Amino acid sequence: MAALDVGTLLREKSGELKLSLVAGGGGVGRKITVADINRPGLAFAGYFEHFPYERTQVIGISENTYLNNLNYEKQVELLNRIFSHPSSTCCILTRNLEPSEAMMKVFSDLEVPLLRTALSSSSFIGDLIYYFDGKLAPSIKIHGVLVNVYGLGVLLAGKAGIGKSECALELVKRGHMLVADDIVDIKKRSGRTLVGSGLEITKHLIEVRGVGIIDVNSIFGIGSILDESHIELVIKLDEWEAVKKYERVGLDEYFTEILGVSVPEVTIPVGPGRNLAVLVETASLNQRLKNKGHYTAKDLSGRLQKAILEQEKK
């Protein structure tokens, strides 16, 4: 399970999210394991059924006003009940709200980080969830090449030496963008969206057998690279075999599963004289048409059926 400690959150986002540590500095090593956020208003009112202790707790004006209307002892009791739980991670005050005396005592005693941001609750929560989603998303590393073709994220798959990198290089020369070569780091974001990127150490590099390592950014320019891209199509490059059956019409649709998400898959046989870059471009454009509800093979099938029926009536 992916995890992020509170200290990392502070280091990476204190500037952008205007975050600062107020109390409980001894607990910055606490692990955040879920991207969801909770506002503990109902708990302050005494309702603890199904309370998500493992979530980051955010206190805005409403929750803070209600809490401050309670006496000191009641505040301490409620805060202890929430943040003494083993799964508790941290609490964040929005709009630069001033922490109460009870807050300072409880968070310091429990060593649970109390943070503060100058942002409003709605703005802050949206940005924080986006950050957590990227850090805590389920991920997998896959051998392949990821390119962005006509705005469509295309994962080129196939065994080593089949020509994935060479195909990607040709696509870059034709104006498309490289995201990752050899190893693609794939994360599943919220909404069942797959996002792929390259490893930091090999970012924007391509290994071409016989030539060596190519720096795509330096040779082809900044417009030829992309740090990350959605993965919307998998193209499997396969060695041509005369006895093997390949899709010729396109009526049947195939999918492959990555991190529980089904992605359309096309198999392209690799043989002498086949221009892989053009085939990948065509498959990408065809997938974009399918995404808009236009299926050429089904349209042709419909026209053929209509022609057959008309012929039978004669």
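The values are calculated or read from the model by the stated rules, or taken from the named source; none is laboratory data. Small disclaimer: the values here were computed from a predicted structure and weren't measured. Cβ coordinates were reconstructed from backbone atoms using ideal geometry, including for glycine residues, and neighbour counts include every protein chain displayed. Just the protein is used for accessible areas: all its heavy atoms, side chains included, with ligands, DNA and RNA removed. Shrake-Rupley method; radii C 1.70, N 1.55, O 1.52, S 1.80 Å.
Projecting the Cα atoms of G302, G273, V263 onto the dipole axis of the stretch 261-314, where Lys and Arg carry +1 and Asp and Glu carry -1 at the beta carbon, places G302 farthest toward the positive end. Per-peptide packing, taken as the mean over residues of other Cβ atoms within 10 Å, places 13-21, 73-81 in the sequence 73-81, 13-21 from highest down. Across the chain, the relative contact order, built from alpha-carbon pairs under 8 Å that are at least six residues apart, equals 14 percent. Placing +1 on the Cβ of every Lys and Arg and -1 on the Cβ of every Asp and Glu, with nothing else charged, gives the stretch 88-172 a dipole about its Cα centre of roughly 260 debye. A viscosity of 1.306 mPa s and a temperature of 10 °C, combined with the Kirkwood radius over Cα pairs in Stokes-Einstein, give a translational diffusion coefficient for the chain of 68 µm²/s.
With the Cα gyration tensor of the stretch 86-239 giving a ≥ b ≥ c as the square roots of its eigenvalues, does the rule (a/c under 1.5 for rounded; else a/b larger than b/c for prolate; else oblate) give rounded, prolate or oblate? Please list the in-between numbers first.
On the way: a/c = 3.14, a/b = 2.81, b/c = 1.12.
The shape class here is prolate.
Scanning the chain for DSSP H helices at least 18 Å long along the axis (C-alpha atoms) with a Kyte-Doolittle mean no lower than -1.0 picks out 121-136, 276-291, 296-313. Translational diffusion coefficient of the stretch 161-230 (Stokes-Einstein, Kirkwood radius from Cα pairs, 25 °C, 0.890 mPa s): 196 µm²/s. Note that the stretch 163-314, at 10 °C in a medium of 1.306 mPa s, gets a Stokes-Einstein diffusion coefficient of 89 µm²/s from its Kirkwood radius over C-alpha pairs.
Peptides 113-125, 49-61 ranked from most to least packed by the mean count of surrounding Cβ atoms within 10 Å: 113-125, 49-61. Across the stretch 1-71, how large is the tail of the calculated P(r) beyond 21 Å, expressed as a percent of all Cα pairs? So the pairs more than 21 Å apart make up 36 percent of the total in the stretch 1-71.
Close amide H pairs (under 5 Å, H built 1.01 Å from N) link H204 with D181, residues at least 5 positions away or on another chain. Taking only the Cα atoms of the stretch 22-180, the radius of gyration and Dmax are 22.9, 71 Å. Ordered by solvent-accessible area of protein heavy atoms (1.4 Å probe), largest first, the residues D109, D238 come out as D109, D238. Charge dipole of the chain (Cα centre as origin; +1 on each Lys and Arg Cβ, -1 on each Asp and Glu Cβ, all else neutral): 800 debye, rounded to the nearest 20. Between the stretch 174-212 and the stretch 88-153, what is the separation of their alpha carbon centroids in Å? Computed from Cα coordinates, the inter-centre distance equals 26 Å. Put simply, the amide H of V266, placed in the peptide plane, has neighbours under 5 Å in V234, I235, K236, leaving out anything fewer than 5 places away on its chain. Using a probe of 1.4 Å, the accessible surface attributed to I231 totals some 10 Å² when neighbouring protein chains are kept in position. Coupling constants for the stretch 204-221 follow from the phi torsions by the Karplus curve (6.51 cos²θ - 1.76 cosθ + 1.60, θ = phi - 60°), and in residue order they are 6, 10, 10, 9, 10, 4, x, 10, x, 8, 10, 8, 4, 4, 5, 7, 9, x Hz; glycine and proline get x. A Gaussian network model of the chain, with springs between Cα atoms under 10 Å, assigns the largest mean-square fluctuation among P40, P86, P99 to P86.
Annotation: amide H of I225 within the under-5 Å range of L178, sequence separation 5 or more or interchain, hydrogens built in the peptide plane.
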